[in-house]
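Engineer: I'd like to ask you about the structure that follows.
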Amino acid sequence: MNCVDWEVNVLKIPIKLTMFTEVTATSRHYVDRLFDPDPQKVLQGVIDMKNAVIGNNKQKANLIVLGAVPRLLYLLQQSSSSAELRTECAVVLGSLAMGTENNIKSLVDCHIIPALLQGLLCPDLVFIEACLRCLRTVFISPVTPVQLLYTDPTVIPHLMSLLSRSQRTQEYITQIFSHCCKTAEHQTVLFNHGAIQNIAPLLISPSYKVRMQALKCFSVLAYENTQVSMTLVNERKKYEMIFLSFSLTYMCRAGAIRTDDNCIVLKTLPCLVRMCSKDRLLEERVEGAETLAFLMEPDVELQRIASITDHLVAMLADYFKYPSSVSAITDIKRLDHDLKHAHELRQAAFKLYASLGSNDEDIRKKITETENMMDRIVSGLSESSIKVRLAAVRCLHSLSRSVQQLRTSFHDHAVWKPLMKLLQNAPDEVLVMASSTLCNLLLEFSPSKEPILESGVIELLCSLTQSDSPALRVNGIWALMNMAFQADQKVKVEIMRALGTEQLFRLLSDPDANVLMKTLGLLRNLLSTRPHIDQIMSSHGKQIMQAVTLILEGEHSIEVKEQTLCILANIADGNTAKELIMTNDDMLQKVKYYMGHSNVKLQLAATFCISNLVWNEEDGSQERQDKLREMGFVDILHKLTQASDPNLCDR
């Protein structure tokens with residue numbers, strides 16, 4: 001067999017051992033047979049190896065450690081190897097790739113990808129399909145660098161040319177494209193090599209798998225990409241009904257189609273809801289639910305329409321019933337299929353519930369009243385699959401926006417307990433969503449607030465404020481802000497102790513505007529009620545006044561400066577704390593400046609500060625009034641009585 005040669009040398013590449021495992025004599029025997037001088041014995045050895053590794057991760061790991069991969073790649077690339085031997089080598093490599101992530105890392109380190117891509121240049125279709133199947137398995141792993149697909153500029157056009165060879169090449173190549181299209185640059189490369197024109201005919205393939213992978217591929221190509229989306233709109237007329245399920249969703253989210261367009265409301269949405277029904281394939285139900293969740297995520301009206309279409313909320317409850325006990329008894333193959341998709345089904349259901357309940361109170365109530373729903377969410381928070389845990393906490397976050405659910409379902413099921421456990425050790429994407437949910441559980445009217453406080457959450461939240469992730473810093477400080485609202489002095493003192501003055505003022509100079517705003521909100525809540533104000537200002541007054549000065553003098557938004565002036569107004573309400581303002585002429589001049597500012601919000605906040613300083617019923621009010629009169633505040637107040645804003649005028 002003659003093949004065009006893409007230079008790759010797998011023999012000189014040392015295998016990186018990413019795991020240690022017991023190496024058995026049987027495993028060594030399989031590897032030794034690969035070096036037999038008799039080609040027929042080598043072939044039989046590869047076939048026996050293939051049968052030995054199916055479903056056996058330990059055997060796969062042993063063979064990788066013993067160096068089977070470089071030898072298999074060598075045999076795969078030799079023109080003297082028979083077509084059958086080369087194909088069987090590709091099949092075994094594909095099976096090894098179906099093991100752990102460590103297996104994938106070892107295969108990638110052995111340069112399996114360029115070796116398999118070289119194999120695609122051979123004319124034998126069965127061998128090409130085996131190479132593509134293995135490439136598909138490698139590329140769908142999260143540990144594989146997708147950029148390896150784009151290193152050689154001849155690879156993408158060659159893959160496009162192979163699309164017409166068979167249904168298998170169509171399924172594998174479109175799946176590879178879907179998983180390797182991660183950036184706008186990748187979208188452009190695929191688009192420029194005719195991805196739309198080459199893949200569009202696959203939408204009417206007789207194979208369900210090919211149709212599904214083609215739709216997924218178009219979905220990824222169109223994601224937040226106006227150019228691709230507009231081209232797909234033009235192709236839509238040829239494949240109207242098939243585009244309904246996926247591509248129109250992504251065109252809509254990319255802005256190429258309005259959410260109230262009839263093709264979305266009357267065709268796409270009902271079509272996606274039907275894909276969720278019990279009579280559809282499990283794969284189709286997963287894709288339908290996830291795509292529908294994405295479609296209506298930002299649109300309240302679509303959420304309301306979907307919630308009353310074909311009993312969708314109740315229909316999704318069936319997603320949690322796999323694998324069924326019947327299939328476990330009667331059909332092992334069916335059980336394997338159900339097990340494979342059980343995690344995906346739960347993940348998809350949680351995602352769709354989260355999207356459905358993100359805005360409407362009635363929909364949230366309907367979701368929580370669905371069969372065992374809260375128990376399922378609580379179970380989902382501790383699942384082994386990270387994707388299911390993330391989807392479950394997204395669903396919980398969506399429902400936590402409801403005051404009613406916080407007071408009832410969340411309290412009855414003590415959801416704060418698994419949520420706190422989840423926060424102890426999780427990847428950042430889960431931490432962000434879990435901490436955001438915790439912010440809602442710490443609101444003043446939430447019954448969960450007290451037990452969460454007693455669980456020692458303050459230290460955890462303070463540690464989040466030191467994260468490199470702006471989202472985690474925001475959520476950490478936001479939760480502390482909610483906790484400090486109308487809190488006892490003991491809680492406020494504990495927050496100040498755990499956070500520390502240094503970290504508090506580091507957050508006040510954070511480059512992220514959201515972090516700064518929430519930190520100011522925390523400070524404002526800490527400095528409320530006179531005894532608390534006086535106590536905190538007696539300990540930290542100098543640093544707080546310094547921070548207020550820096551913000552009022554800096555280049556900050558109106559919202560930031562308004563919040564800072566409100567903090568100053570709270571300080572002015574303290575019995576002893578107000579002297580920190582009255583003895584600081586520079587600060588009084590700043591207040592005076594903002595009373596004359598062009599923005600009404602800043603004028604109101606500054607005037608409120610003066611109002612607290614001169615209140616008649618408090619000790620020393622006359623002396624404070626005299627000083628402010630001397631500084632010209634009366635003249636400004638006279639001018640403000642003529643202000644067009646009635647609130648400012650009254651103040």
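Engineer: Would you give the gap between the C-alpha center of segment 248-323 and the C-alpha center of segment 26-61, rounded to a whole Å?
Structural biologist: Distance between centres, Cα-based: 47 Å.
Engineer: Say the dipole of the chain comes from +1 at the beta carbon of Lys and Arg and -1 at that of Asp and Glu; which of M212, G574, Q118 then lies farthest toward its positive end?
Structural biologist: Selected residue: Q118.
Engineer: Return a whole-number percent for the relative contact order of segment 351-492, with Cα pairs under 8 Å and 6 or more residues apart as the contact set.
Structural biologist: 19 percent
Engineer: Helix by helix through the chain, keep the DSSP H runs that span 18 Å or more along the axis on Cα and average at least 0.0 on Kyte-Doolittle, and give those back in order.
Structural biologist: 39-53, 83-97, 125-139, 208-222, 282-296, 386-399, 428-441, 470-484, 513-526, 558-572, 600-613
Engineer: In nanometres, what is the gap between the two model label sites at T188 and K490, each 7 Å from Cα along Cα-to-Cβ?
Structural biologist: Spacing of the two 7 Å Cα→Cβ label points: 6.1 nm.
Engineer: What do you reckon, how do Y593, Y172, Y208 stack up by accessible area (1.4 Å probe), largest on top?
Structural biologist: Correct descending sequence by accessible area is Y593, Y208, Y172.
Engineer: With a 1.4 Å probe and every protein chain left in place, tell me how much accessible area T641 has, in Å² to the nearest 10.
Structural biologist: 70 Å²
Engineer: Follow-up. Using all Cα-Cα distances in segment 168-239, what percent lands in each 5 angstrom bin from 0 up to the longest?
Structural biologist: 3, 18, 32, 26, 15, 5, 0
Engineer: Beyond 19 Å, what share of the Cα-Cα pairs of segment 518-651 remains, rounded to the nearest whole percent?
Structural biologist: Cα-Cα pairs in segment 518-651 separated by more than 19 Å: 46 percent.
Engineer: Of all the accessible heavy-atom surface of the chain, with the other protein chains kept in place and a 1.4 Å probe, what percent is carbon and sulfur?
Structural biologist: Carbon and sulfur: 51 percent of the exposed surface of the chain.
Engineer: Tell me the per residue accessible area of the chain using a 1.4 Å probe; a whole number in Å² is fine.
Structural biologist: Accessible area per residue: 45 Å².
Engineer: Turning to a different aspect of this structure: Please tell me the relative contact order of segment 484-643 in percent, rounded to the nearest whole number, where contacts are Cα pairs under 8 Å and at least six residues apart.
Structural biologist: Numbers: 143 pairs, mean separation 28.5, N = 160.
So the answer I get is 18 percent.
Engineer: Given the -39500 (n - 2.57) contribution per DSSP H run of 4+ residues, what per-residue ellipticity at 222 nm results for the chain, rounded to the nearest 500 deg cm²/dmol? Walk me through the intermediate numbers first.
Structural biologist: Working: 43 runs with 441 residues, N = 651.
It lands at -20000 deg cm²/dmol.
Engineer: With an 8 Å cut-off on Cα pairs and a minimum separation of 6 or more residues, tell me the relative contact order of the chain in percent.
Structural biologist: Worked out over the chain, it gives 5 percent.
The values are calculated or read from the model by the stated rules, or taken from the named source; none is laboratory data. In this text the structure is predicted, and so the values were computed from the model without any measurement. Cβ sites come from the backbone with ideal geometry, for glycine too, and all protein chains shown count toward neighbours. The area values use the complete protein model at the heavy-atom level, side chains included, leaving out ligands, DNA and RNA. Shrake-Rupley method; radii C 1.70, N 1.55, O 1.52, S 1.80 Å.
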